[in-house]
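All of the numbers you see were taken from the coordinates with simple rules; none came from a lab. These numbers come from a predicted model, not from an experiment. In this analysis, Cβ positions are derived from the backbone assuming ideal geometry, glycine residues included, and neighbour counts consider all displayed protein chains.
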Amino acid sequence: MGEEATQTQQHHLGSAFGHYSTAAEVISGIDLSGKSAIVTGGYSGLGLETVRALVSAGAQVTVPARRVEHARSVLAEAGLDGVSVAPLDLADQESVKAFAKHYLADHHTLDILINNAAIMASPEQRVGPGWEAQFATNHLGHYTLVNLLWPALAAAGSARVVSLSSTGHKLSPIRFDDMDFAGGYDKWKAYGQAKTANALFAVELDRLGRAFGVRAFAVHPGGIMTELQRHLPREEMVAAGWMDAEGNLREGFKTPEQGAATSVWAATSPLLAGKGGVYCEDCDVAEPTDHHSPLARYQGVDAHAVDREAARKLWERSAGLTGVNAFA
């Protein structure tokens, strides 16, 4: 099989937006009146700005939250007190099932689902039956959420699911022989595997869902300082070149408003009509990584994150682990 058959079609579309575009700019002129949306992690950082943009276009937004009262307080302070908040802990499969059950009881359709919530480079932790926490939270929680909400997505007729990946995917492919790091934990490889999983999830969901009008996209939002970095000491971020010793961010970092733009673009852009299964960055479809470029660590998508066979294998493994599969 040639490259075209094994990997997604990663080529710029030539959108009118770029690295520093904001969520407000990319959604300008788009009408989401009567549309329903869910944004996980929609009460901090990128998620909050994503919710703000969707609401500004008229969408009815639900924010699942582990800390419900805190989420309501943050949203109200942001002038978004019309947003619905419901309990959800992505690391707890039973919590995911409860959220989906209650959502489906109140909503027939779901037009936009943005899987935004994540943890990054966290200390070693096991959840559920012993799953590595970053993979379980960032991928398996969202996997189960999407599959259980499938009836509402399919009923919408033209729904979009946006899965937040990152250039962290470049740190590790899926470790199919040791996904839970039984052989020794590495917080960055664990994060990398989880972000690769987010990208591959979009590849396979798009393949399975396109016949129902459901399209899926993976998104790299860019480098942004948010609560996602809460597990990282400043010394480690300085050593990584993200900031200098005084805490000044390196050139190229985005504001939360800029970081939310690619998620909002993937969820709403008319340019993506009839397309899906691709990895996006800077409000466009990303190009494959140029491994000869000095920016290879920060730009483009690596082949292992858009490999269709790996995406199918991950879906099958995820279905086996969770016991959930809307397409079985």
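General remarks:
- Over the chain, DSSP H runs of length four or greater, each weighted -39,500 (n - 2.57), average out per residue to a 222 nm ellipticity of -10500 deg cm²/dmol.
- Going by neighbour counts of Cβ atoms within 10 Å, the residues THR255, THR40 line up, fewest first, as THR255, THR40.
- Neighbours of SER263, meaning other residues whose beta-carbon lies under 14 angstrom from its beta-carbon, give a summed charge of -3 when Lys and Arg score +1 and Asp and Glu score -1.
- Just so you know, the Rg over Rh for the range 3-322 is 0.93, from Cα atoms, with Rh as the Kirkwood radius.
- Extension gain (nm, one decimal) between THR109 and ASP81, 0.36 nm per residue minus Cα-Cα: 7.9 nm
- The range 247-314 versus the range 85-161: alpha-carbon centroid distance in Å: 21 Å
- Entry note, the range 3-322: relative contact order of 24 percent, from Cα contacts under 8 Å with a spacing of 6+ residues.
- Amide H contacts of VAL278 (H built 1.01 Å from N, under 5 Å, at least 5 apart or other chain): ALA218
- Residues THR6, THR144, THR50 in ascending order of nearby Cβ atoms (within 10 Å, fewest first): THR6, THR144, THR50.
- Order of TRP265, TRP150, TRP315, TRP188 under a 10 Å beta carbon neighbour criterion, fewest first: TRP188, TRP315, TRP150, TRP265
- Counting 0.36 nm for each residue step from GLU94 to SER158 and taking away their Cα separation leaves a gain of 20.2 nm.
- Rounded to the nearest 20 debye, the dipole magnitude of the range 3-322 is 640 debye, with +1 charges on Lys and Arg beta carbons, -1 on Asp and Glu beta carbons, and the Cα centre as origin.
- Per-residue ³J(HN,Hα) for the range 201-206, Karplus 6.51 cos²θ - 1.76 cosθ + 1.60, θ = phi - 60°, Hz, x for Gly and Pro: 4, 5, 4, 6, 4, 5
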